[in-house]
Amino acid sequence: MPIPFKSSRLAYTFLAALMPHSAHASDFPPRVCDVRSFGANGNQQAIALSTKFIQAAIDACAAAGGGTVELPAGNYLSEPLVLKSNIRLHLAKDAILIATTDEASFRVAPDKERPVLGGGWLPFISVPDAQNVSISGEGIIDGQGAVWWERWRADVRANPSNPTVRRVTNRPRLITVSNSRNVLIEGVNLVNSPSFHIVLRNSEDIDITRTRITAPRHAPNTDAIDPTNSRNIRITYNTIDCNDDHVAIKAEKPDPKIPEGVVSNIYIAHNTLLQGRGISIGSETSGGVRGILVEHNTFVGSMYGLRIKSPRGKGGPVRDVVYRDITMTDVAVPLVFSGYYEGTPTNQAAVDKMLAAGGFVVGDQIYPPETDEAQAFQSAGTPRFVGVTISNLRSTGASKSAGYFVGLPEAAIADFVMENVHIEADTGLLVRNAHIKAKGLQIKARQGPPILLQRGGEVTATE
């Protein structure tokens, strides 16, 4: 059930009361379609493709009214698969569903009536235009990403002066849920996606819980969970260890049918977040984001913790966001809230020029100096963050800055509250074009001041 919003403060109450009880896939018919009955044998070496057998089990089970498609223990090499309404794909313990690395298998063809998402690639597992779907079990879904990552590196080496090549995720996604409702992803281990692991697009009532999502530190752009233009999402009790955003919430463009925002009602709680780039909103926010509750999460060794980041031209309203009861250990930069999100140029001379003018670099992003001039306001282009609260956050061992609050001169960060936030870091909190009300804020910087105020920056203590 959508959560009504009347004001940011009331929104917190609705979020707290309703989010933990949001809907997900319901019970399935008792029918079990074992993929072995359709010809798959799960041989140890997984040399032969099992695609047609697994897809046949899915299709037959769906045609009969739904049920469970069972993958017993074994190794199953497959091309892209499509799940349908009222289907539970269940991977038993020691079952491994392995994605082929054949590029042609992930390209659209007349016999593949599937949604194409992400650079024209087919996802390994698609849930398109469906209801009541589940991916569950103790098994593994392996995207065999190493082959794809090396192809990406070859492209970057061949185009060293083109920053677009470096940043484009021109590879398949592991799981994509599109235009669907009531979907549960529970218990499974998702490893080594070629790019993003789970992408939700134009979908509602999705529950992702008790999964483990893993990719190595050198794996490029391996976001764990990306809710895009979607609503009523629960992300709980997961363990995520990847090399990009743990969660990246995106609102690509406005929709007149959803004027309050194309993204709303997202609950992220009780997750363990290891290497990765944080729980993020953005970079695309022009469609509007509203009603996000992030609580009881633990970060260990991440590059970033909490982020809202969007560039001019792709920004929009982000409001009614609550972060609370967060623990961070050895997170390099705990907080980043920025209306600038621009990749560092590969041309070192351009970087040096901006730094000489007072700009700075955070990770692979570059920020202009505080003298940056205001630009024309755009309702579906200018990033603005209003009505955000961080409470009961404790971060120790930050190896870089406590954080960055960098709003735009044409759209300052407003109505931002920090309560009982304690951060120990190498350097303090930078605040520019941002108005923060603080109660119980403690920043311990090993060097320099705890808070660095730049133009338009304000931190006001409250009782």
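Here is a check on your reading of the model: is A62 assigned by TED's automatic domain parsing to the domain that holds V188, modelled with pLDDT under 95 and not β-branched (V, I, T)? No; evaluated as a whole, the condition is false for this residue.
Taking the listed residues V388, V361, the one that is in a strand (DSSP E or B) and either at pLDDT below 95 or surrounded by fewer than 19 Cβ atoms within 10 Å (Cβ to Cβ) (or both) is V361, with no other qualifying. Taking residues in region 247-274 that are touching a residue at least 12 places away in the same chain (Cβ under 8 Å), and partners anywhere that are among the aromatic types (F, W, Y), the pairs with Cβ atoms closer than 6 Å and at least 6 places apart or on different chains are H270/Y237; L273/F299.
Selection of region 51-81 for residues being part of a loop (DSSP other than H, G, I, E, B) and either hydrophobic (A, V, I, L, M, F, W, C) or in contact with a Pro (Cβ under 6 Å, 6 or more places away or on another chain) (or both) yields A64, G65, G66, A73. Residues considered: K6, K84. Of these, the only one that is closer than 30 Å to I258 by Cα, at pLDDT below 95 and either among the charged types (D, E, K, R) or part of a strand (DSSP E or B) (or both) is K6.
Name the single residue, out of those in region 387-408 being of a type in the set (V, I, T) and over 21 Å from the mean Cα position of the chain (by Cα), that is nearest to H422 (Cα to Cα). Here the answer is T396. The condition of being over 28 Å from the mean Cα position of the chain (by Cα), closer than 17 Å to K309 by Cβ, free of Cβ contacts under 8 Å to residues at least 40 places away in the same chain and in the same structural domain as D330 (by TED's automatic domain parsing) holds for D372.
Of the residues making up region 119-141, those that are surrounded by fewer than 21 Cβ atoms within 10 Å (Cβ to Cβ) and in a strand (DSSP E or B) are P128, Q131, S136, I140.
Among the residues here, E424 qualifies as under 29 Å from the mean Cα position of the chain (by Cα), assigned to a strand (DSSP E or B) and acidic (D, E).
Listed here are the residues, each with its yes/no results for (1) part of a strand (DSSP E or B); (2) modelled with pLDDT of 90 or more.
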| residue | (1), (2) |
| --- | --- |
| V351 | no, no |
| E370 | no, yes |
| A374 | no, yes |
| G381 | no, yes |
| N392 | yes, yes |
| G397 | yes, yes |
| G403 | yes, yes |
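Among strands (runs of 3 or more DSSP E) entirely within region 157-223, having at least 2 residues that are within 15 Å of the chain's Cα centre (by Cα) singles out 175-178, 198-201, 204-209, 212-214.
Condition check: in a loop (DSSP other than H, G, I, E, B), out of contact with any Asp or Glu (no Cβ under 7 Å at 6 or more places or on another chain) and of a type outside the set (A, V, I, L, M). Does G448 satisfy that? Against the criterion (in a loop (DSSP other than H, G, I, E, B), out of contact with any Asp or Glu (no Cβ under 7 Å at 6 or more places or on another chain) and of a type outside the set (A, V, I, L, M)), G448 qualifies.
Of everything in region 31-88 that is basic (K, R) and under 19 Å from D142 (Cα atoms), the residue that is surrounded by the most Cβ atoms within 10 Å (Cβ to Cβ) is R88. Counting only residues that are within 17 Å of the chain's Cα centre (by Cα) and not in a strand (DSSP E or B), which one in region 293-307 is nearest to N420 (Cα to Cα)? Filtering first and then ranking leaves N297.
Scanning region 229-241 for residues that are out of contact with any Asp or Glu (no Cβ under 7 Å at 6 or more places or on another chain) and at negative phi returns I233, I235, T236, N238, T239, I240, D241. Residues in region 308-346 that are outside any strand (DSSP E or B) and of a type in the set (S, T, N, Q) were compared, and the one that is modelled with the lowest pLDDT is T346. Candidates in region 231-288 are the residues that are among the basic types (K, R) and outside any strand (DSSP E or B); of these, the one that is surrounded by the most Cβ atoms within 10 Å (Cβ to Cβ) is R277.
The values are calculated or read from the model by the stated rules, or taken from the named source; none is laboratory data. Since the model is a prediction, treat every value here as computed from it, not as a measurement. Positions of Cβ are generated from backbone atoms using ideal geometry, with glycine treated the same way; all protein chains shown enter the neighbour counts.
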